[in-house]
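Trainee: My questions all concern the structure below.
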């Protein structure tokens, strides 16, 4: 009996030591780096992710067995055609230029037309467009054509202002447009070689009945006060028709 115990005792000790060794193998220390996960590159976004991850936390692309299925079944957008891309950008630039041109037209042409005027009280002649002014005798006045006045402003604005601005002008021309501005004052534009620079003559309101009978293409003679220019287009005010 004693012999049996002596034989079994070392065996138990051996088994117990083997169990401890097994425990040490199965349960390694958490600090020895065995459980550290490897980092790989995501096939979609290229960010670093764990090789144990089911999907990329950055872009959501699946990993493992689902990755191939996702790649084969995802929606593929066709690359834009070079010609379509160029035409799209071209029309976008055209729209931008058109808007800028319209804004410049409003700022430099329309606005100055409504707020133009000679602020020098010494050189100011006549009255506002709401009433008649003391008008000179036109018998000995020089008759200018609309084209002559336009050419003067195209050549030299400063020189043309010295000759016409704030002074009575007897002018003739062919009517191209009859309309009213935002203040309901009637104006007439006259024909020139460059319609953008056509003189614009604003009439006093007492002349509205006469202007109502005008037609485009009609030749007229009028007496006005020079009011400078807007982008080289001569401006005139307090105009009346001369019979």
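The values are calculated or read from the model by the stated rules, or taken from the named source; none is laboratory data. Since we're looking at a predicted model, the values are computed, not measured. Cβ placement follows ideal geometry from the backbone for every residue including glycine, while neighbour counts extend to all protein chains displayed.
Trainee: Does residue 161 count as on the phi > 0 side of the Ramachandran plot, over 33 Å from the mean Cα position of the chain (by Cα) and not in a loop (DSSP other than H, G, I, E, B)?
Mentor: Criteria not met by residue 161.
Trainee: Quick check on residue 188: is it touching a strand residue (DSSP E or B) at 6+ places or on another chain (Cβ under 8 Å), under 25 Å from residue 107 (Cα atoms) and not assigned by TED's automatic domain parsing to the domain that holds residue 104?
Mentor: yes
Trainee: Another question about this same structure. Test of understanding: among 214, 223, 236, which residue is surrounded by 14 or more Cβ atoms within 10 Å (Cβ to Cβ) and in a loop (DSSP other than H, G, I, E, B)?
Mentor: Selected residue: 214, the only one of 214, 223, 236 that is surrounded by 14 or more Cβ atoms within 10 Å (Cβ to Cβ) and in a loop (DSSP other than H, G, I, E, B).
Trainee: Do the conditions hold for residue 105, that is, is it surrounded by 11 or more Cβ atoms within 10 Å (Cβ to Cβ), out of contact with any strand residue (DSSP E or B) (no Cβ under 9 Å at 6 or more places or on another chain) and modelled with pLDDT under 60?
Mentor: The answer is no for residue 105.
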